[in-house]
Amino acid sequence: MKKVLFLMVAFALAAAGSAQKPTTDVSISLPAGFSSTVMAKSLGRARHLAVNSNGDIYVRLERLKNGNGILRLRDKNGDGKIDDTTGFGNYVGTGIALKGGYLYASSNTGVFRYKMNGTEPDVAHPETIVKDLVDRGQHNSKSITLDNAGNLYVNIGAPSNACQGQDRVTGAPGQDPCPLLEIAGGIWQFKADKQNQSYAEGVRYATGIRNVVGLDWNTATNTLFAMQHGRDGLQDYKIFPDSIAVELPAEEMLEVSKAGDNFGWPYCFYNQFEAKKVLNPEYGGDGKKVGRCADVKPPVIGFPGHMAPNGLLFYTGSQFPDRYKNGAFVAFHGSWNRTPLNQKGFFVVFVPFKDGKPSGDWEVFANGFAGKENITSPGQAVYRPCGLAQGPDGSLYVSDDVKGTIWKISYKK
């Protein structure tokens, strides 16, 4: 109960801080040769986005704006500013993607698609592709991506922290086996063109994943990649000093190379300092025991804990320098639970890849969204990166879900 009350207070403080955000704009820092342009402002809770071949930007909203959950932004005169905005879809959500002549969008319980007639989606005739997915409030966003073989992938986050009988209560044991894994805690594969699919018609493509918001198909490796949000509250067990505990568990970049891959949640967490998965304390772990975690798949990268990786994009364009080709951009939304240390994240990072594997340390690519250093509460951040998309000219687009701002990042020699 104390843990639940603490979380309620933390979320209330974050909301209060949000109402007092400074009104000054920010300066986005980028590597030499890169520049950023604000394409749109004040869109609302802008989550993921997709950019069409003609430059139209489709933005998924977490809250309806004028009754619409999807916005189409168009620069009609080519001056780099949006001058035509329309909306459709009376449901909220996070996921959105363009593929094979269709626009796909997810709600918190399903996935829909709209046939593209030229540059216009047929908004009057949406097709329900997936329906009746679990939504219990916690970790309920349904991120989506598609491969090149006609498959749709949907994250179904676990409505839990560590599958305890009493959620988020320090010391409460975890359920074993965890019943949530039958309907959540993984990524499901569905057919991209079949209507009204349910769990029974989908494939549990990956399991043992607490929650994913950043999801992308890597065309260079022909595999699925996902960014896992690590569990909360590990520091409450006092098995690590505070300076280490706030960095654990890692935020994980996962590669799902085959159907059935298991990444260990809720039984295991990844300790990036030891480069191994160990047992969670709810399942008898002491920070060192490996046990059943020896048999689960490790991540390809472990980032510092609690930074909330909400966007993932493998860059396939030609505008950026060669070193960025087939590398990964990750948008970190920023932490809320790193007390007693400052919060961390609120930036976009780049991970270089070679031959389908990370080929060097990750690096901060775009920073300054928060508007200040030494963030102690996420409510102090002016902007929080969320979604990533690649434009037809190879530019990178970044969304913010605090004020609804969209940036376009370009490179010029």
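The values are calculated or read from the model by the stated rules, or taken from the named source; none is laboratory data. As the structure is a computational prediction, the values presented were derived from the model and not from experiment. A quick note on method: Cβ atoms are made from the backbone with ideal geometry, for glycine too, and the neighbour counts reach across all protein chains shown.
Please verify whether LEU71 is among the aliphatic types (A, V, I, L, M), surrounded by fewer than 22 Cβ atoms within 10 Å (Cβ to Cβ) and at pLDDT 95 or above, treating the condition exactly as stated. Explain how you work it out, then say what you get.
On the way: among the aliphatic types (A, V, I, L, M): yes; surrounded by fewer than 22 Cβ atoms within 10 Å (Cβ to Cβ): no; at pLDDT 95 or above: yes.
Criteria not met by LEU71.
Okay, residues lined up against (1) farther than 22 Å from ASN155 by Cα; (2) within 22 Å of the chain's Cα centre (by Cα); (3) surrounded by 15 or more Cβ atoms within 10 Å (Cβ to Cβ):
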position: ASN262; (1), (2), (3): no, yes, yes
position: GLN272; (1), (2), (3): yes, yes, yes
position: ASN280; (1), (2), (3): yes, no, yes
position: LYS288; (1), (2), (3): yes, no, no
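Which one is modelled with the highest pLDDT among residues in region 229-254 that are in contact with a Pro (Cβ under 8 Å, 6 or more places away or on another chain), surrounded by fewer than 20 Cβ atoms within 10 Å (Cβ to Cβ) and not in a loop (DSSP other than H, G, I, E, B)?
So the residue we want is TYR237.
Testing GLU120 on (1) touching a strand residue (DSSP E or B) at 6+ places or on another chain (Cβ under 8 Å); (2) without any contact (Cβ under 8 Å) to a residue 40 or more places away in the chain, one condition comes back false. Which one is that?
For GLU120, the exception is condition (1).
Please list, ordered by first then second residue, the pairs with beta carbon atoms under 6 Å, 6 or more apart or interchain, first in region 155-168 and free of Cβ contacts under 8 Å to residues at least 12 places away in the same chain and of a type in the set (S, T, N, Q), second in a loop (DSSP other than H, G, I, E, B) and surrounded by fewer than 20 Cβ atoms within 10 Å (Cβ to Cβ).
GLN166/ALA172
What number of residues in region 305-336 are over 15 Å from the mean Cα position of the chain (by Cα), modelled with pLDDT of 95 or more and either small (Gly, Ala, Ser) or more than 15 Å from ASN218 (Cα to Cα) (or both)?
Final tally of qualifying residues: 8.
Could you tell me which residue of region 255-292 is nearest to GLN164 (Cα to Cα), considering only residues that are touching a Ser or Thr at 6+ places or on another chain (Cβ under 8 Å) and not in a strand (DSSP E or B)?
Among them, the one singled out is PRO266.
Looking at LYS191, LYS142, which is the one that is basic (Lys, Arg), modelled with pLDDT of 95 or more and over 15 Å from the mean Cα position of the chain (by Cα)?
After applying the criteria, what remains is LYS191.
List pairs: first in region 264-278 and over 19 Å from ALA172 (Cβ atoms) and touching a residue at least 40 places away in the same chain (Cβ under 8 Å), second part of a loop (DSSP other than H, G, I, E, B) and of a type in the set (A, V, I, L, M), Cβ under 7 Å, 6+ apart or cross-chain?
What qualifies is GLY264/VAL296; TYR270/ALA250.
For GLY87, indicate whether it is surrounded by fewer than 24 Cβ atoms within 10 Å (Cβ to Cβ), modelled with pLDDT of 95 or more and in contact with an Asp or Glu (Cβ under 7 Å, 6 or more places away or on another chain).
no
Name the residue that is surrounded by the most Cβ atoms within 10 Å (Cβ to Cβ), counting only residues in region 136-152 that are closer than 17 Å to ARG60 by Cα and out of contact with any Lys or Arg (no Cβ under 8 Å at 6 or more places or on another chain).
SER143
Please give the strands (runs of 3 or more DSSP E) falling wholly within region 67-106 in which 3 or more residues are under 22 Å from the mean Cα position of the chain (by Cα).
68-74, 96-99, 102-106
I'm trying to understand the selection: among the residues of region 203-224, which are of a type outside the set (Val, Ile, Thr), in a loop (DSSP other than H, G, I, E, B) and surrounded by fewer than 20 Cβ atoms within 10 Å (Cβ to Cβ)?
Correct list: ALA220, ASN222.
Would region 123-131 turn up any residue that is without any contact (Cβ under 8 Å) to a residue 40 or more places away in the chain and in a strand (DSSP E or B)?
no
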